[in-house]
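Structure record follows, encoded as structure tokens.
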Amino acid sequence: MTRARGFALAVLLSVCCLGQASAFAQYGPPGPPPNGYSVYPNGGPDPACPPENCYGTTDEVEASINRFGPRAIFSGRTLRVEYLNYDIGKPGDGILGAPVAGVPNAGAPFPVFTPGGTVPFAMATVPTTDQFHLTSMSGVQVTAAWDFIEGNRLEVSGFMLAKRQTGYTLALGQPFDTATIGFGGPPFGLSSNIVPVDVATSTLSNGSISDHLFLYNQSYSATFTSQLWGGEANYLWGDSVDLIQFLPLAGARYLNLTEDLTQVGVFQDTFIGGPPVSTQIGSHTINNLWGGQIGFRTQVVTKWFEFGVTPKLLMLGNTAVSQVYAARFRSNTDPTVYNEDMTTRFTFGTDVGAFATVHIAPNFSVRGGYNILWINQVTRPHKDIVYNDNGPAAPAGIGQQTVFHDIFINGFTFGAELRW
């Protein structure tokens, strides 16, 4: 080897050594892994570092994720808006008055006599509640839900039905031939057997069944209004990843059922004249239902759809308010007389909801359902009126009572939900 070639080889070796030394000096020795964990080099596994040593346990990884910023609690959120179409149990087919002595069916026409008379001067009917219909009540429900990382779920919802008004106005004065019921002679004050058909408010006499009637021969109308709203919050336990899921739940609920009944009857004395008497009888009830509930949800969940049922047992208190009033009960000079009562009692009920959901997109779905709600202790306005007359010496009004009975509510839901 010549001297020149030896010198060139020595320079080349020196450059190579300086390159390696320069790289080592720039980056330094391997330091601690980020967040205290080892990582796979170049995106590939390191045979010398098993996964349990490289990444740690699930809790340690979650702790590392939450090391900077707020701790992650929820794995998903849902917002659902639904249209409601509900029916509230109708008031029934009872009469808006007291039982009439000697008349088995006061809702059908029966003869009316003057005191001591034997020939009817009119036919009368006591109005009933069978024409009140609380069906197809529209409303809206909004539900928000949060899915926890550990698998449980919190749901909060509120709903309101639009106020529904139902009722009727009766046509008065239709002719009736008393000969068809066995009275062949002319009625009192008339020259034929034809008498008008009027409406009457029947009353007790000092608390006893009687034949006392307050007639309306000009007009009569009855109006019933009802509105239902409320909300609930439920906590569901269980993992929401299986095909068939069973999730126990517990929660709280509030329901408000507010209803009114207003009757207006006008009477004109055709014998002695005078101004017409417009009698008004009203009843107002508020049911404040509050308490807890338990139940479960069982459902089938797939990628494209899900369906299930959620039965609940309700254990509620009902703080009920009942108000009854009468204005111009006997004459136009009678004042408005009010009676009011507030009471609280325990009640229970059941709520069963079935649903089906179709997933249109990963974060958007449409949903339909059917709900049935039954509560065994509520008060309603037509039941709280005591049709009683204590005579001219007593205040011109009627009584009040708070009567509790069950109610049945059911209807359809349809809406959409968004998940993120």
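The values are calculated or read from the model by the stated rules, or taken from the named source; none is laboratory data. Quantities reported herein were computed from a predicted structural model and do not represent experimental measurements. Neighbour counts run over all protein chains shown; Cβ positions are idealised from the backbone, glycine included.
List of remarks:
- Tabulated pairs, segment 157-169, first over 29 Å from residue 251 (Cα atoms), second at pLDDT below 95 and of a type in the set (D, E, K, R), C-beta under 9 angstrom, 6+ apart or interchain: 166/90
- Of the residues making up segment 182-216, those that are surrounded by 13 or more Cβ atoms within 10 Å (Cβ to Cβ) and over 48 Å from the mean Cα position of the chain (by Cα) are 183, 186, 187, 188, 190, 193, 194.
- Any chance residue 303 is of a type in the set (D, E, K, R), under 23 Å from residue 230 (Cα atoms) and either surrounded by 15 or more Cβ atoms within 10 Å (Cβ to Cβ) or touching a residue at least 40 places away in the same chain (Cβ under 8 Å) (or both): no
- Meets criteria (within 26 Å of residue 130 (Cα to Cα), of a type in the set (D, E, K, R) and more than 36 Å from the chain's Cα centre (by Cα)) for residue 260: no
- Residue count for segment 129-182 under the criterion of being among the charged types (D, E, K, R) and at pLDDT below 95: the result is 5.
- Candidate set: segment 254-298, residues that are out of contact with any Pro (no Cβ under 9 Å at 6 or more places or on another chain) and part of a loop (DSSP other than H, G, I, E, B); chosen: the one surrounded by the fewest Cβ atoms within 10 Å (Cβ to Cβ): 272
- Considered as a group, the residues in segment 165-189 that are hydrophobic (A, V, I, L, M, F, W, C) and in a strand (DSSP E or B) include one that is farthest from residue 91 (Cα to Cα), and that residue is 176.
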